[in-house]
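K.L.:
Quick one: the structure is below, and I'll ask about it shortly.
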Amino acid sequence: MGVAGAYSPTRSTLETAMPVADATPPALHLFGHACLGIEAGGRRLLVDPWLVGSCYWRAWWHFPAPPELPEEWLAPDAIYLSHHHFDHFHYPSMRRLDRAARVYVPRFGVDVLRGELAGLGFHDVVELAHGEPQAFGDGARIASYQHGFDDSALVVADGDVVIVDLNDCKLRGRALRQVVRTFGRPTFMLRTHSWAQSYPIQYEAEDPADLELITDETFLRDFADAAAVLQPRYAVPFANMVAFLHPQAAAANDHLITPDRVQAACAADGRLAAVEVVPLGPGDSWRAGEGFARAGGPWWADREAVLVRRADEVRPVLERTAAEEADRHLDFATFRGYLERFARDVPWPARRALGHRRSPSPPPGTRRGRGGCSTSGAGRCVDCPNRPPSGPQRSTSTRPFWRTPSRTGSSTWCTARCGSAPSCGPVG
C-alpha cells in the first residue's frame, strides 16, 4: 500500500519488467476525466472520448484542461463507449475521430447506441455481450460487464497485463469476482471516487436524515470495496476530473473528494495491503516494462485558483448560452406527457419490478413556456428544433429512443440529442 497522502510512488515500486508477447508492450494513457488510451494486442483502443468543450448543458468542463490528443489517437483502431452519459459518449468529440474505427459498445436492453453512432457516421459497431471476452488484435482480449439498464465496465487483457476500467459503473461483489475468475488479478483498476450527481449536496430537506443517505464516506467505501474484491496492483482514482462552471452548479466544486483522500482511506484499510493507490492526471501514462511517465504533479493542486481561471475562460460561452435561452421556460404539462410516454415504453418486467407510480403533479410556481421538454437544476429548456411535434424523436433503432441525464448542474428530460441546437444534447 502506498503511503497515505503521498502522490508519486517511487519508480522502483512502479517499474516492473512484465513478459509480453507482442513487440509493442501494452500501455495505458490517461487523456482526461474518463478518457483512456489503451494499447493492447498491437492495437489502439480509445475509451470514452470527451475531448473538447463542455457537457451537461454547459455545466461540466474539464479540470484540468486536457492536453491535445496526439494525432495518432484521432484515428484509433477501435473505440469503446461504456454508456450513454455525455461525459463518456460526447458527440462533438466523436465527430473529431476517424469514422473507420470500430466502435465497441455494451449490449444493453435498449439498443440505441448503434443507431446514434450510425447517425455520426460510425458503421462498424460491435455490441459486446455481458462477460464474454472477444479477441482484440494480436493475442489480447476485450470484455464488457454491464450493470443496470445503461452502464458498463471495460476489461482489456494482454498477456499478464489486465486493465479494469470501472469508470462510474457500480459493479460489486459477485460481479467483480467474475472478472477475477475470467482474467486473474488486474494490473489496474480505475474507478470513480467523488460526486457527480447533485443529490444530496445541492438539496434541502425537511428531514436532515434524507440528506445523509450518500456522503463522502460512501464514495471512499465503494472505491475501497471494489479494490478489495479485485485486488489490483494499482488502483487509480478516476473519472472525476471535472469543474462545475455553470453558476447553478458551481457549489458542487466544494465537494470534490481528492485522490489523496482516497489514498489515505485505502491506506487505513487492512484488506488493501497489496494494493497501491496511484493518482494519475491528464497526460500521464504507463507502459509494461517501463513504468509510469508523469506529465505533471497532482492535478488537484491549487484547485481554487485554477477554478477561478477556468471560470474566466468559459464565462463568454456561458453568457452567450444564457442569452440564447433567456426566453425558454418550464412547461410541466409537456414534462408530464413525456414522462408518461417514457413510462409506457419501459419493458413490462421493469414496470412490474418498479410497481405502479402515479404521474407527478406540477410543483408550485411552475412556469409555462415554449418547447417540448422540462428541466430543473440548470433551469434551461433543452427542446430540440428538429423534434417532430407528434412525439419523442426516435433513433434509427427500432426501439424507442429516450434520454434521461441526471447529473450535477441539470436534471433534464429531453427527447432529442442531435447536438445541433445550443441547448440540445452535448454541445462543445
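The values are calculated or read from the model by the stated rules, or taken from the named source; none is laboratory data. Computed from a predicted model, the values in this text were never measured in an experiment. No Cβ is skipped: glycine too gets one built from the backbone with ideal geometry, and neighbour counts run over all protein chains shown.
K.L.:
Is there a residue being aromatic (Phe, Trp, Tyr) and in a strand (DSSP E or B) anywhere in the stretch 170-193?
P.N.:
Pass one, the stretch 170-193, residues aromatic (Phe, Trp, Tyr): 183, 188.
Then drop every residue that is not in a strand (DSSP E or B), which leaves 188.
So far as the stretch 170-193 goes, yes, one or more of its residues are aromatic (Phe, Trp, Tyr) and in a strand (DSSP E or B).
K.L.:
Condition test on residue 47, is it surrounded by fewer than 24 Cβ atoms within 10 Å (Cβ to Cβ), of a type outside the set (S, T, N, Q) and under 18 Å from the mean Cα position of the chain (by Cα)?
P.N.:
So residue 47 does not fit the description; no.
K.L.:
Residues in the stretch 94-129 that are part of a loop (DSSP other than H, G, I, E, B) and of a type outside the set (Lys, Arg): how many? Write out each step before concluding.
P.N.:
Within the stretch 94-129, the subset part of a loop (DSSP other than H, G, I, E, B) is 95-101, 107-111, 120-124, 129.
So of that shortlist, the ones also of a type outside the set (Lys, Arg) come out as 97-98, 100-101, 108-111, 120-124, 129.
The qualifying residues number 14.
K.L.:
Hey, could you check the stretch 140-150 for residues that are surrounded by 15 or more Cβ atoms within 10 Å (Cβ to Cβ) and modelled with pLDDT under 95 and say which is nearest to residue 179 (Cα to Cα)? Break it down stepwise before answering.
P.N.:
In the first step, residues of the stretch 140-150 are kept if they are surrounded by 15 or more Cβ atoms within 10 Å (Cβ to Cβ); the result is 140-147, 150.
Checking the rest, the ones that are also modelled with pLDDT under 95 come to 147, 150.
On the way: 147: 13, 150: 19 Å.
Step by step, filter the stretch 140-150, then rank; the result is 147.
K.L.:
While we're on this one: Given the structure, is residue 174 surrounded by fewer than 16 Cβ atoms within 10 Å (Cβ to Cβ) and closer than 25 Å to residue 290 by Cβ?
P.N.:
On the way: surrounded by fewer than 16 Cβ atoms within 10 Å (Cβ to Cβ): yes; closer than 25 Å to residue 290 by Cβ: no.
When the stated conditions are applied, residue 174 does not pass them.
K.L.:
Restricting the stretch 180-194 to residues that are of a type outside the set (D, E, K, R) and more than 17 Å from residue 224 (Cβ to Cβ), which is surrounded by the fewest Cβ atoms within 10 Å (Cβ to Cβ)?
P.N.:
Kept after step one, since they are of a type outside the set (D, E, K, R), are these residues of the stretch 180-194: 180, 182-184, 186-190, 192-194.
Now drop any that are not more than 17 Å from residue 224 (Cβ to Cβ), which leaves 182-184, 187.
On the way: 182: 16, 183: 19, 184: 11, 187: 23.
Ranking the qualifying residues of the stretch 180-194, first place goes to 184.
Rundown of residues vs (1) closer than 26 Å to residue 65 by Cα; (2) surrounded by fewer than 24 Cβ atoms within 10 Å (Cβ to Cβ); (3) among the basic types (Lys, Arg), yes/no style:
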site	(1), (2), (3)
233	no, yes, yes
237	yes, no, no
242	yes, no, no
247	yes, yes, no
250	yes, yes, no
260	yes, yes, no
269	no, yes, no
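K.L.:
Now for a different question. Regarding the stretch 227-246, can at least one residue be identified that is among the small types (Gly, Ala, Ser), in a loop (DSSP other than H, G, I, E, B) and on the phi > 0 side of the Ramachandran plot?
P.N.:
yes
K.L.:
Let me ask you something else. For the stretch 15-29, does any single residue satisfy the condition of being crowded, with 19+ Cβ neighbours inside 10 Å and either part of a loop (DSSP other than H, G, I, E, B) or at pLDDT below 95 (or both)?
P.N.:
Step one: filter the stretch 15-29 for residues crowded, with 19+ Cβ neighbours inside 10 Å, giving 25-29.
Going one step further and asking which of them are either part of a loop (DSSP other than H, G, I, E, B) or at pLDDT below 95 (or both), we end up with 25-26.
Scanning the stretch 15-29, I find at least one residue that is crowded, with 19+ Cβ neighbours inside 10 Å and either part of a loop (DSSP other than H, G, I, E, B) or at pLDDT below 95 (or both), so the answer is yes.
K.L.:
Scanning the stretch 103-139 for residues that are surrounded by fewer than 18 Cβ atoms within 10 Å (Cβ to Cβ), charged (D, E, K, R) and under 20 Å from the mean Cα position of the chain (by Cα), which turns out nearest to residue 68 (Cα to Cα)?
P.N.:
Checked the stretch 103-139; the qualifying residue nearest to residue 68 (Cα to Cα) is 127.
K.L.:
Right, here's the next one. Could you tell me which residue of the stretch 251-290 is nearest to residue 159 (Cα to Cα), considering only residues that are of a type in the set (D, E, K, R) and part of a helix (DSSP H, G or I)? First the steps, then the outcome.
P.N.:
To start, the set of residues in the stretch 251-290 that are of a type in the set (D, E, K, R) comprises 254, 260-261, 269, 271, 276, 284, 287, 290.
Checking the rest, the ones that are also part of a helix (DSSP H, G or I) come to 254, 260-261, 271.
Values: 254: 42, 260: 31, 261: 32, 271: 26 Å.
Restricting to residues being of a type in the set (D, E, K, R) and part of a helix (DSSP H, G or I), the top hit is 271.
K.L.:
Here's something else I'd like to know. Across the stretch 327-343, which residue is surrounded by the most Cβ atoms within 10 Å (Cβ to Cβ) among those that are modelled with pLDDT of 90 or more and either among the aliphatic types (A, V, I, L, M) or not in a helix (DSSP H, G or I) (or both)?
P.N.:
The qualifying residue surrounded by the most Cβ atoms within 10 Å (Cβ to Cβ) is 339.
K.L.:
Filter the stretch 274-318 for residues that are of a type in the set (Asp, Glu) and either without any contact (Cβ under 8 Å) to a residue 12 or more places away in the chain or within 12 Å of residue 30 (Cα to Cα) (or both) and give the result. Don't jump to the end; show me each part of the working.
P.N.:
Within the stretch 274-318, the subset of a type in the set (Asp, Glu) is 276, 284, 290, 302, 304, 312-313.
Of everything in the stretch 274-318, those that are of a type in the set (Asp, Glu) and either without any contact (Cβ under 8 Å) to a residue 12 or more places away in the chain or within 12 Å of residue 30 (Cα to Cα) (or both) turn out to be 284, 302, 304, 312, 313.
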